Each structure stands twice: as C-alpha cells, then as structure tokens.
1. For the list (1) more than 16 Å from the ligand (Cβ to nearest atom); (2) at pLDDT 95 or above, I need the number of the one condition that residue 205 fails.
2. Looking at (1) aliphatic (A, V, I, L, M); (2) within 21 Å of residue 121 (Cβ to Cβ); (3) away from the ligand (no atom under 16 Å from the Cβ), which is the only condition residue 331 fails?
3. Take the residues in the range 294-323 that are more than 13 Å from the ligand (Cβ to nearest atom) and assigned to a loop (DSSP other than H, G, I, E, B); name whichever of them is surrounded by the most Cβ atoms within 10 Å (Cβ to Cβ).
4. Among the listed residues 200, 239, identify the single one that is open to solvent by 10 Å² or more (accessible area, probe 1.4 Å), under 25 Å from residue 420 (Cα atoms) and more than 15 Å from the ligand (Cβ to nearest atom).
5. If you check residue 84 against the conditions, is it more than 16 Å from the ligand (Cβ to nearest atom), over 30 Å from residue 421 (Cα atoms) and under 24 Å from the mean Cα position of the chain (by Cα)?
6. Output the residues belonging to the range 118-140 that are touching a helix residue (DSSP H, G or I) at 6+ places or on another chain (Cβ under 6 Å) and either assigned to a helix (DSSP H, G or I) or within 12 Å of the ligand (Cβ to nearest atom) (or both).
7. Suppose the filter is among the aliphatic types (A, V, I, L, M), in contact with a helix residue (DSSP H, G or I) (Cβ under 7 Å, 6 or more places away or on another chain), part of a loop (DSSP other than H, G, I, E, B) and open to solvent by less than 70 Å² (accessible area, probe 1.4 Å); does residue 89 pass it?
Amino acid sequence: MSKYWWKEDIGALPHLITETPGPRSRAMHSSSIRYIKGLSSQVKLFPVCFEKGYGITLTDVDGNKYLDFSSGIYVTSLGHCHPKVSEAVSYWAKNLMNAHDFTTPVKEKLLTKMAQILPGKLNAIQFYSDGTTAVEAAIRAARAITNKHEFISAFRDFHGKTLGAVSCAQMHRNSTYSYGATRAAGFYMVPRPDPYRPLWEKADGTIDTDSYIRFYEDFIKEGTVGNVAAFVLEPVQGWGGSVFPPDDFFPKLKKLCDKYKILLIDDEVLAGMGRTGEWLTLSHWGVMPDIVTLGKSFGNGFPVTAMVVSEENGKALEKISASSSYGGSPMACAAALASIEVIEEEDILQNVRLVGDYFLQRMENIKENHPIVGDVRGKGFLLGIELVKDKNTKEPFDEAGKLVYQKAFRKGLAWIPAGHILRMSPPLIMDEKYARLGMDIIEESIQEVENEFGYNQKSVKINFTEKIQR
Ligand SMILES: Cc1ncc(COP(=O)(O)O)c(C=O)c1O
C-alpha cells in the first residue's frame, strides 16, 4: 500500500456543493439537540453533520468535502480510516473482541513494540480506554510508587473530567469541565511559563524560568504537607492554547523533582505519538518522565490509551490493578499496534518535522502581516495562532476567533479552535501542498475579519491557492 493512499480519488478540495452547514446538516443537528445537551462551542458555532472521513478529508451529509485540520480532536492523526488500522481492528472484531486482561497475541506484540519505541526504560505498561482514566491510573501509580499523596499541576492544563484528573486541571467557577465546588484534597495548582504572557521576566524581557522553579520550590516547602507524589503536566498545553514552554523549563523542573523525590507525570495524551515530530514531546528537551500517559493518536480513532511507568518503578504497579472492561482488548491493541507500525513504515515523524517547518514559517509570516495576530507557536503539527485586539495590550480577541473559525469552516476547513486561540491539529500524513491550502484559508479568513472590525492595516496580498484539482 502506498503511503499516499489518501490522495487516491481526493478530487477537488475543498469541494462545496451547498452553503455550509447545508440543509441536511442543519436538520439532523436540530433533531439531535432535542436530546443531546452540553455540546462544545465548536459544534454550536458550526452545526455540521459529518458522515465520512478518508485521509485528510471529511464529508458532510450534504455532500460537501472539507480539508481536515483537526484530526477529529487530535485523534485520527494518521488520517481518517487509515486502511491498515481499519483492517487490524476489523480482523479482531471478527475473531476476538474481549478477553479480560488475559494475554492475547496482539497485546503481546503491542507491548513489545511499545517497549522498543518509547525512550529510556519506559516499559511497565497498563492499558485503558480514554485519556482521563489513563491519567487517573497515573495518579494511582504515583501514589503506589512514592507512598505520598499530594499532586501539583499547572494553570490552564487539561487532563480530563473525573475527580482526580479534573483536580489537576483548570477549574473555573463556571467551567463545564469540572462543575464542582472545589478540587480534591491534596491537589494544588501553580502557574507554568507561557513565553507570550510571562509572569516573571528577565531584564532583557525574556521569560525567567528560574523564577517559576524558585516559586515551585517555595511552594513545595510552604504550601504542601511535604508529601508531594508528582507534578502532573502536559508537555505542551493543548486545550490551553498550544502553549510551548521555554526550552529550559522541563530540564530545570526535572532537577527540582529529583531533589525532592517527586515524580514527573508527563501527560502526552494530546501531544504524544508523533504529533510534534517525536514519539514523546518531552523528548524535545531531553527529559525522561517517570510516568507517561498516551491516548488520542495512540489508536488513531479506536478508544485505546496507556499509562506507562519506568522499569525501576514497574513493580509498584502490582499494587494497582490493570484490569478494566475495555482497556487492552484485542481490537484496541490492534489499533495501537497498527498505528505505531504506520508511523514507522510511512516515516511519519520525518514528515511532521518537514511540514511542521513550513507551518511555523507560514504562521510567522501571518503574524508579521496581520494586526490581530499577537502570537504564533507550534512544533510539528501542534499549532496555535493567538488573536488579540492590540499587539501591545495583548487583550484576547474572542469575537474575532469565533468569526475566523466560522468563516474558514464555511470555506471548507474542518477545524476546532476555541475563543481567541486558533488551534490546529492536522493529520500527520498531510503534505505541504495541503498544509498551504489550509493556511491560505485561515489567512484569508483572518483578513476578512480584520476588515469587518475595521483594522486599518497595510494591504496584505494573500496568495490564495487555487482550489486544488487532482
Ligand atoms: C492532555 C490531555 N489529557 C487527558 C485528556 C482526556 O482524554 P479523554 O478525553 O480521552 O478522556 C485530554 C483530552 O483532551 C488531554 O488533552
């Protein structure tokens, strides 16, 4: 099978034959919302109804075909319905759907493969079926390993919606994620460095990582009862706005953790499995975590996640059960194994690095040319554009974010930004031609919104790519 399987019959893209969302989409959405409640802002703002995904495209019930810049929700990273993954799942759907946590041939193969690709000695593994339960397992594992019970995590990180996971995540008073009066006892939050909005700066105006670390050390001594089991952090804040830490942050944090015998739980549910051009995003900074969670891209659409601990701590996992109803089912293991094999066979990490360079350079260019683009950031295919009302005050521009989202979607770009952050997570198989097409649509939408809001800027000439024909 060619690695360009997704280009076969791709045709014109985007290919829109009705206004979007079209009449069938609207009718089905209206029918659904009589019963389903609490939908995300993205759905409310653009009530489309999809019925097919193939490679880098999504097709709605009106027959409109979109370029996918979301991978579902950072999930179908090897493209929708990658033939190898679909065949692997369907083989086990016909042969053995569930076997408790007994060994199966496909699980044995997956475990061996994971031990081979994960850095260092990260090879004590448990399987789960969503990211949240993998994070909960990581919390249990940290307690089992350290016999300590306190946890520190960071403002604006996201780790899931169950009590332990949400206690490590941002809990706004009105947050639909938590809907709780308080976080669980023993869970604390600290700020983490955001280079665009630094809390502590050096004399030269760059972010001062040392001050964050000093604050954490003080906090460990003064703000906890001295029983901190782990820091729980995303390597990059995904939902928090594609925020990348300064390069010296994780190396310094790990040193601090080691000094106080605190574990580092690296939640790679969103950023891991190749999205930034490494199996683990933390590897960009040469840091070995003690515990890792994997999800989303791990099964490329099939619900399978993992919690992995380094070998020296593996014994402690005997204290916490690996059993769950669906975790590690043959179908789940087949999806994860096939996904890893595809990443290797199709040299996906290299594609992510190459096309990722294009994305970054293009976003820098957009920042130069647009008064409402305050910051751009990305590694590989984990990307963000932050919209502001004024580049000096950096006031978030939510209204513009919503409009850019809707305009680009109407032009045929399926994506999932939120508020003033335009988050992008295209499938990792995408080549530069389609990367450019997506960025053209976004830049054109930004420009239209600037015009609507009366931004008086130098005229920007957008080289809007012709709709691509096969
Ligand atoms: C970093 C991170 N951890 C955990 C989760 C929770 O994963 P799930 O939605 O599969 O439970 C998410 C979901 O977006 C995430 O981004």
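The values are calculated or read from the model by the stated rules, or taken from the named source; none is laboratory data. These figures come from a predicted structure and were not determined experimentally. Virtual Cβ from ideal backbone geometry, glycine too; neighbours counted across all protein chains shown. Just the protein is used for accessible areas: all its heavy atoms, side chains included, with ligands, DNA and RNA removed. Shrake-Rupley method; radii C 1.70, N 1.55, O 1.52, S 1.80 Å.
1. The number of the failed condition is (2).
2. (2)
3. Restricting attention to the range 294-323, the residues satisfying the condition of being more than 13 Å from the ligand (Cβ to nearest atom) are 300, 308-323.
So of that shortlist, the ones also assigned to a loop (DSSP other than H, G, I, E, B) come out as 300, 320-323.
Numbers: 300: 32, 320: 15, 321: 11, 322: 15, 323: 10.
Step by step, filter the range 294-323, then rank; the result is 300.
4. Working: 239 fails: more than 15 Å from the ligand (Cβ to nearest atom).
After applying the criteria, what remains is 200.
5. Details: more than 16 Å from the ligand (Cβ to nearest atom): yes; over 30 Å from residue 421 (Cα atoms): yes; under 24 Å from the mean Cα position of the chain (by Cα): yes.
Here the answer is yes, as residue 84 does meet what is asked.
6. Of everything in the range 118-140, those that are touching a helix residue (DSSP H, G or I) at 6+ places or on another chain (Cβ under 6 Å) and either assigned to a helix (DSSP H, G or I) or within 12 Å of the ligand (Cβ to nearest atom) (or both) turn out to be 128, 132, 135, 136, 139.
7. Values: among the aliphatic types (A, V, I, L, M): yes; in contact with a helix residue (DSSP H, G or I) (Cβ under 7 Å, 6 or more places away or on another chain): yes; part of a loop (DSSP other than H, G, I, E, B): no; open to solvent by less than 70 Å² (accessible area, probe 1.4 Å): yes.
Answer is no for this residue.
Each row is one residue, and each column tells you yes or no for (1) crowded, with 16+ Cβ neighbours inside 10 Å; (2) over 20 Å from the mean Cα position of the chain (by Cα).
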residue	(1), (2)
116	no, yes
137	yes, no
140	yes, yes
145	yes, yes
153	yes, no
